[in-house]
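Peer 1: Questions regarding the structure given below will be posed in turn.
No lab work stands behind these numbers, since they all come straight from the coordinates. Source: prediction; values computed, not measured. Note that each Cβ is placed from the backbone with ideal geometry, even for glycine, and that neighbours are counted across all protein chains shown.
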Amino acid sequence: MSLFFFLLMQVAILAYALLGGVFLAFSDFIMRSLSRTAGSGGVAAMQVINREVFRWVFMALFLGMAAVSLAVIGYGATRHGGPAGLSILLAGAVYLVGCFGVTVIFNVPMNTALAGMVADRDTTRAYWTETYLPRWTFWNTVRTLACLLSAVLALVGLLAMVQAAPPTG
């Protein structure tokens, strides 16, 4: 295993876990807190959050890990066979499908719909409580689990590769 890939896997493990932690915070307490705000406060706050998420730190990490995941999948599929390679391949695939794919297919369309609504209207409050909160939080929890599973699979694969490598020196 090259030093570059060894370091890339370490960064990937940390990034998967970090993204999982961000998503966990939303599923665990942020969405519940927003649901308990008076009037249209939760809707307005989430609209602001959805605009602010495009700042470079989160988006660079989120989008960058999609690209890294493709590299991880390629490495796991072509450079290392056996359980270690499979674990690494699955780490990348789980992120791409369970985090990136879920975001694009489920969470972003709900965010877009919410962005176009007036916060203090009855129809917006109905969408917020009956559709957005339960569905968005469900799919966000899927993203949380996918990121954390990706971190675990990448760690297991990397450890197996290191243990299987011939000693140097």
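Peer 1: Quick one: grab the alpha carbon gyration tensor of region 97-169, order the square roots of its eigenvalues as a ≥ b ≥ c, and give me rounded if a/c is under 1.5, else prolate or oblate depending on whether a/b is larger than b/c.
Peer 2: prolate
Peer 1: For log10 I(q)/I(0) by the Debye sum over Cα atoms at q = 0.10, 0.14, 0.16 Å⁻¹, the choices are [x] -0.34, -0.71, -0.97; [y] -0.44, -0.73, -0.87; [z] -0.31, -0.65, -0.87; which was calculated from the structure?
Peer 2: Calculated log10 I(q)/I(0) by the Debye sum over Cα atoms at q = 0.10, 0.14, 0.16 Å⁻¹: the matching label is [y].
Peer 1: Now, a different point. Sum -39500 (n - 2.57) across every DSSP H segment of at least 4 residues in the chain, then divide by the residue count to get the 222 nm mean residue ellipticity, nearest 500.
Peer 2: -23500 deg cm²/dmol
Peer 1: In debye to the nearest 20, how big a dipole does the chain give about its Cα centre with +1 on each Lys and Arg Cβ and -1 on each Asp and Glu Cβ?
Peer 2: Working: 9 positive and 5 negative charges, 8 e Å.
Charge dipole of the chain: 40 debye, to the nearest 20.
Peer 1: Count the net charge of all other residues whose Cβ sits under 12 Å from the Cβ of Ala45, scoring Lys and Arg as +1 and Asp and Glu as -1.
Peer 2: Neighbour charge sum, excluding Ala45 itself: +1.
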